[in-house]
Amino acid sequence: MAISGDEFHGKRVAFVATRVAGTDGVSQEIEKWAAVLERLGIECFYIAGECDRPAERTALVEKAHFRHPEILEITQHAFEQSTRPAQATDDILESARTIRNELNRALADFGVDAIIAQNSLTIPMNIPLGIALVHIIQEQGLGCVAHHHDFYWERQRYLINGVDDFLRYAFPPSLPQIQHVVINSVAAEEFSRRTGLSCRIIPNVMDFSSPPDPPDEYARKFRTQIGLDEDELLILQPTRIVARKGIEHSVELVRRLPGLRAKLVITHAAGDEGESYYNFLHLFSDLIKVNVVFAEQWLADHRGTAENGELQFTLDDVYRVADLVTYPSDYEGFGNAFLEAIYYRRPILCKRYPIFRKDIEPCGFQLIAFDEFLTRETVEEVVSLLRDERAGAEMTEHNYNVARRNFSYEVLEEELRPILRRAFLQKSCR
């Protein structure tokens, strides 16, 4: 489906985030939004603490990264206690001034017409960045689209804090120049209840008009790389290792596949939430004698060879050679990995997490779903599906067509058009 870009041709937007790099959900959605915006004739630029986008369109602001030492120290003083030291207040405001000055320079250099704040006005991993953005939007009158993925009130680690004043000021802020976008209906209801503001729901998407290539010889080498025998199944858990992903259900599933040999492959590392759950999975899988492959060492943004001579594979490669995708999360903001499994036409075992039940399941997908725990019937469904190649192909083709109608780039474009018109109008009215 062709997209006409005449209406927005020559306009410029800057994505502002703590990080635009790798395969985390926010970075992936930035890439998808940018693809649609570029097809609309809009030039996209990136301002972040870490970025892997083209250098000529990127401005690095060191303190914008949530892992910058000074930002980490601020975050340490901000949470898990109900007050903060006076010095912490000074540090927050000083860092906000530094970031604000660098952001202003980058925005001027790029000549942007609007800002897209990607989760940087949502979750307080970098409080000074949020404050700096509010200052700039108010001072310059620039239109801003605040794309919210996960709010602080959805995360336990932010509930006890000594920065409630800053959270109310910038996470999220209430300014007429800002249009708020959330990724699911539950977040929309809670957002409006807490803030009194309106928002638009735009779900995560994939480019279903451009289906993926079938696995080639290189992709098939992944199975050999991880030590998978020819008769073994590759059960894929394509997520970070954090407790809310419920990966112990995937480990249990592999243990309960009667007469089938399988390995569970986990693609991502532990991330920013500590090593405790990672250590638990090691212990749990050893106790019940399940072979789990922690595959992050073989995953990269591009195919290639590591320093030790081993091949590097992309996440695309892994999806294309998987026999089943497991997605047993307790909670997700939406579900990037769910859509990816649909895109690569893989059968899915999915826990019916709240957003899935409300926003995804009603669309009519065919998959194996469970509630709190794996029942005997659920496991039997999985075994039957793995043994019936034709049924699996029919199921995945149906799911692809459902997703194309509901979660495609074309759906994203139609949602973004009115938002962009209003955002660009802010600059013309100044």
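Mean residue ellipticity at 222 nm from the helices of the chain, using -39,500 (n - 2.57) per DSSP H segment of n ≥ 4 over the full residue count, to the nearest 500 deg cm²/dmol?
Helix contribution divided over all residues of the chain: -13000 deg cm²/dmol.
Hey, what angle do you get for helix 276-287 against the long axis of the chain, alpha-carbon based, 0 to 90 degrees rounded to 10?
Approximately 0 degrees, to the nearest ten.
Any idea what angle helix 376-387 forms with the longest principal axis of the chain, computed on alpha-carbon atoms, 0 to 90 degrees, nearest 10?
Result, in degrees: 80.
Tell me which of Thr375, Tyr400, Gly304 sits at the most positive position along the dipole axis of segment 217-406, charges placed on C-beta atoms (Lys, Arg +1; Asp, Glu -1).
Tyr400
Can you give me the angle between helix 25-39 and the longest principal axis of the chain, using Cα atoms only, in degrees from 0 to 90, rounded to the nearest 10?
Helix 25-39 sits at roughly 70 degrees to that axis.
Mind checking the log10 I(q)/I(0) for the chain at q = 0.07, 0.09, 0.12, 0.13 Å⁻¹? Debye, one equal scatterer per Cα, no solvent, two decimals.
-0.36, -0.60, -1.06, -1.22
Would you give the gap between the C-alpha center of segment 212-229 and the C-alpha center of segment 32-71, rounded to a whole Å?
32
Can you give me the C-alpha center-to-center distance between segment 74-142 and segment 294-344, rounded to a whole angstrom?
Using only Cα atoms to place each centre, the spacing works out to 33 Å.
Cross-link candidates for Lys11: which lysines have Cα within less than 16 Å, leaving aside residues fewer than 8 places away along the same chain?
List returned: Lys427.
Straight distance only, please: which lysines reach the Cα of Lys245 with their own Cα at less than 24 Å, same-chain residues fewer than 8 apart left out?
Reachable lysines: Lys32, Lys263, Lys289, Lys351, Lys358.
How would segment 217-406 be classified by its alpha-carbon gyration tensor: rounded, prolate or oblate, with rounded meaning a/c under 1.5 and the a/b versus b/c comparison settling the rest?
Note, shape of segment 217-406 comes out rounded.
Every number in this text was worked out from the coordinates using simple rules, so none of it is lab data. Bear in mind that the values here come from a model prediction, so they are computed numbers and not experimental data. Glycine gets a Cβ as well: all are built from the backbone with ideal geometry, and neighbour counts include every protein chain shown.
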